[in-house]
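Worksheet for the structure shown next.
The values are calculated or read from the model by the stated rules, or taken from the named source; none is laboratory data. Computed from a predicted model, the values in this text were never measured in an experiment. Quick reminder, even Gly has a Cβ in these numbers, built from the backbone with ideal geometry, and neighbours come from all protein chains shown. Calculation scope for accessible area: heavy atoms of the full protein, side chains included, ligands and nucleic acids excluded. Shrake-Rupley method; radii C 1.70, N 1.55, O 1.52, S 1.80 Å.
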Amino acid sequence: MTVQAKDEFVPHPVKDQLPGVDICINSNPSWAEAVILGFQHYLVMLGTSVIIPTIIVPQMGGGNVEKAQVIQTLLFVAGVNTLLQSWFGTRLPVVIGGSFRFIIPAVFIALSNRYNAYLDPRERFEQSMRSMQGALMIASVIPVLAGFLGIWRIVTRFLSPLSKAPLLLLVGIGLYEQGFPLLGECVEIGLPELVLLILLSQFIPHVWKLKLPIFERFAVLLSVGIVWAFAALLTVAGAYTNRPLQTQFSCRVDRSGLVSGASWIRFPYPLQWGIPNVDAGHVFMMMAAVFVSLVESTGGFIAAARYGSATFCPASVLSRGAGWLGLSTLINGLWGTPSGSTVSVENVGLLALTRVGSRRVIQISAVFMLFFSVIGKFGAILASIPLPIIGALYCVLFALMSAAGFDLLQFCNLNSYRTKFILGFSIYMGLSVPQYFNGYVITTGHGPVLSGSATFDQIMQVIFTSPATVAGVIAYFLDLTLARRHPLTRKDSGRHWWAKFKYYGRDPRSEEFYSLPYGLSKYFPSV
C-alpha cells in the first residue's frame, strides 16, 4: 500500500524521445503495410491540394479543366519535394505540400486590374499564373539563403522548449477555420466521419484486441471509405436534388468537376503556362508568405521529429531543411502552382494518429502523389471526396499537431510566473491578432493597415493573419529578453534540456536520425 501511494505522487518522467511510437523514423513496417500507410498519407494531403486551387483558380478565370490541371501540378511537385526533403533535407517523415498562407497574395495577384484586359478566361488564367510563378521563384531565395548560408541555423539555436511550444501549438490550432467550419458545410456526412474516426482510432482498439493494429493504423482509410460510400448513396438517392447549389457542391460526390476536367494522362512540366512574369509588388507579397511558411514549417519539423521518436532537431538540420524548403518553392514556381511549399500539418498529425513515423512510408506516399498526378482521371476520383469529410479529418489531425506543443511543456517550469506570462501572452496574441486582421477585412473590405501602398498592406495582412507566426515571434522575443540574466531562467525555459541537441555533434543519436544518405554527410557536414 505504501509503494502504491508513493507511485501516485511521482511525476511523470521527462522523455527527450517520445515513447509509445510503434515504428520510428529509421524502422520500416512490412512492404504491404507501408504501401497502405503511404496511400493513407496521400489521401490526407489531398485536402489541401484541392482546397487551395478551388479557392484561387476561379479568381484567375479558370474553370474545371484549369483547376484539375493545377491540382495535378500541385500533387506532382509535392511528390518531388517530399522525396527531396526526406532524402537530403531534414530527413524527417514530413510531406511537403501547398500552404494556405499563399492564398492572400495569390488572390491579390489574380484580381489585379491588369488582367481585366484579357477577355478570354484561359488567357487571363495563364497570365495571372505567370505572375505567381515569377513571384514564387524569386521569393524562394529567402529560405534558400537563410537555410544554406546558416542564417536559420543561428536563429533556431536560440529556440527553447518554452519558445517552441506556442509555435507548435498555433501551427495546428491556427487552422481551426479549416476544421469544423468545413465539416459544417454538410453536417450529415462530416459529423459521421468525425465520430467514426474517433471511434475507430481511439475507442475500438481498447475494446477489441487484434493481433494486428488495424484500427489504430488505418482508421482514416476505413472511416473515409465508409462515409464516402454513405455520401454516394445519399447522392444517388436524390437527397440533394432540390437543395441549394452550395449544399450540392459540399455534399454530393459528383459536383467537384474534377473528374470531367481531368485528362487521362498528363505530365506536368516546367513553364507549362508560359514564361513567368515578374512584378516587384507581387514578389514582396510572396516573400511574406514564404517567411510565414518557413516559420510554420519549422514547427512542423520539430513536431515530426517528436512523433517519429527522434531526438530534437539540431539547428543545423532545421537550417538544411529550410534550404530545401526554399528549393521546393522554386520548383513550385517553375512548374506553375499558385502556392509555395510548407510542411503538411495534417500529415504530421497522421504520424501521431498511426504511431508510425517511418521515413519509408512518407516516401511511398510521394510515389502515390507522382503517380496520381500523371494518371489524371483516377487521381481526380480520389480528389473529389466531399470537403466536409476532409474537414472532419482536420479536426483530429490538426489537434494532434497542436498536442506536440503541449508535449514540450514537460521540459519547462510551469510553476514559474515568467513561464506563465510568456505562454499565456504569446498564445493569446497568436489567436487575437489574426482574428483582428481577419475581422477587419470582413467588416470593411480591407485590412487594418492603410499605408497608401497596397503591396505593403497585403504583406502585413499575410504576416499577421498567421497565428503560429505571431505567437512564435512573440514567444521567441520574450524568452530571449525577459529576465534574461536571472539564474533560473535557463532551467525554467528548458534550455538545459535543449543544450545537448543544439549542435549536431553533441548527441550521438543525431547521426542516427539526421545523417545524409550515400555518404553525403562527409561533403555537407552539419555544424
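Details
- Of all residues making up the range 393-412, the number that are farther than 12 Å from VAL14 by Cβ and not small (Gly, Ala, Ser): 9
- Going through (1) open to solvent by 50 Å² or more (accessible area, probe 1.4 Å); (2) among the aliphatic types (A, V, I, L, M); (3) within 28 Å of the chain's Cα centre (by Cα) one by one, LEU450 falls short only on (3).
Here's the yes/no breakdown for (1) of a type in the set (Ser, Thr, Tyr); (2) touching a Lys or Arg at 6+ places or on another chain (Cβ under 7 Å):
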position	(1), (2)
SER384	yes, no
CYS412	no, no
GLY424	no, no
GLN435	no, no
GLY439	no, no
SER453	yes, no
PRO467	no, no
ALA483	no, yes
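- Residues that are assigned to a helix (DSSP H, G or I) and open to solvent by 50 Å² or more (accessible area, probe 1.4 Å) were ranked within the range 409-428; the one that is nearest to ALA165 (Cα to Cα) is GLN410.
- Among residues of the range 96-130, those that are surrounded by fewer than 24 Cβ atoms within 10 Å (Cβ to Cβ) and either among the hydroxyl-bearing types (Ser, Thr, Tyr) or on the phi > 0 side of the Ramachandran plot (or both), counted: 3
- Residue selected from the range 258-277 under the condition surrounded by 12 or more Cβ atoms within 10 Å (Cβ to Cβ) and over 27 Å from the mean Cα position of the chain (by Cα), by the criterion nearest to PRO121 (Cα to Cα): GLY274
- Single residue of the range 1-40 satisfying the filter (at pLDDT 85 or above and among the β-branched types (Val, Ile, Thr)) that is nearest to ARG355 (Cα to Cα): VAL21
- Pairing each residue of the range 257-274 that is under 30 Å from GLN246 (Cβ atoms) with any residue that is modelled with pLDDT of 90 or more and of a type in the set (D, E, K, R), provided the two are 6+ apart or on different chains, yields C-beta distances under 8 Å for GLY257/LYS67; LEU258/LYS67; GLY261/GLU66; GLY261/LYS67; TRP273/GLU126; TRP273/ARG130.
- Of all residue pairs spaced 6 or more apart or on separate chains, those with beta-carbon atoms under 9 Å, a first member in the range 11-23 that is closer than 22 Å to LEU212 by Cβ and a second member that is assigned to a loop (DSSP other than H, G, I, E, B) and open to solvent by 50 Å² or more (accessible area, probe 1.4 Å) are GLY20/ARG355; VAL21/ARG355; ASP22/ARG355; ILE23/ARG355.
- Selection within the range 147-166 - open to solvent by 10 Å² or more (accessible area, probe 1.4 Å), in contact with a Gly (Cβ under 9 Å, 6 or more places away or on another chain) and part of a helix (DSSP H, G or I): PHE148, TRP152, ARG153
- Matching residues, the range 490-508, being buried (at least 20 other Cβ atoms within 10 Å of the Cβ) and within 21 Å of ASN415 (Cβ to Cβ): ASP492, SER493, GLY494, ARG495, TRP498
- Any hit, the range 61-77, residues being of a type in the set (Ser, Thr, Tyr) and in contact with a helix residue (DSSP H, G or I) (Cβ under 9 Å, 6 or more places away or on another chain): yes
- Filtered residue count, the range 32-71, keeping only those that are in contact with a Pro (Cβ under 6 Å, 6 or more places away or on another chain) and assigned to a helix (DSSP H, G or I): 4
- Residues satisfying the stated conditions in the range 177-203, i.e. open to solvent by 10 Å² or more (accessible area, probe 1.4 Å), out of contact with any Gly (no Cβ under 8 Å at 6 or more places or on another chain) and in contact (Cβ under 8 Å) with a residue 12 or more places away in the chain: VAL187, GLU188, LEU191, PRO192, LEU194, LEU196, ILE198, LEU200, SER201
- Every test in (1) more than 24 Å from VAL50 (Cβ to Cβ); (2) touching a residue at least 60 places away in the same chain (Cβ under 8 Å) is passed by HIS206 save one, and that test is (2).
- HIS486 being free of Cβ contacts under 8 Å to residues at least 12 places away in the same chain and open to solvent by 10 Å² or more (accessible area, probe 1.4 Å): no
- Of the numbered criteria (1) open to solvent by less than 10 Å² (accessible area, probe 1.4 Å); (2) in a helix (DSSP H, G or I), the one GLU296 fails is (1).
- Filtered by the rule that a residue be closer than 18 Å to LEU183 by Cα and open to solvent by 20 Å² or more (accessible area, probe 1.4 Å), the range 223-238 gives GLY225, ILE226, TRP228, ALA229, PHE230, ALA232, LEU234.
- GLU188 part of a helix (DSSP H, G or I), of a type outside the set (Gly, Ala, Ser), within 23 Å of the chain's Cα centre (by Cα) and over 30 Å from ARG506 (Cβ atoms): no
- Only listed residue being in contact with a helix residue (DSSP H, G or I) (Cβ under 9 Å, 6 or more places away or on another chain), outside any loop (DSSP other than H, G, I, E, B) and among the β-branched types (Val, Ile, Thr), chosen from ILE463, ILE442: ILE463
- Check on ILE385, touching a residue at least 60 places away in the same chain (Cβ under 8 Å) and assigned to a helix (DSSP H, G or I): no
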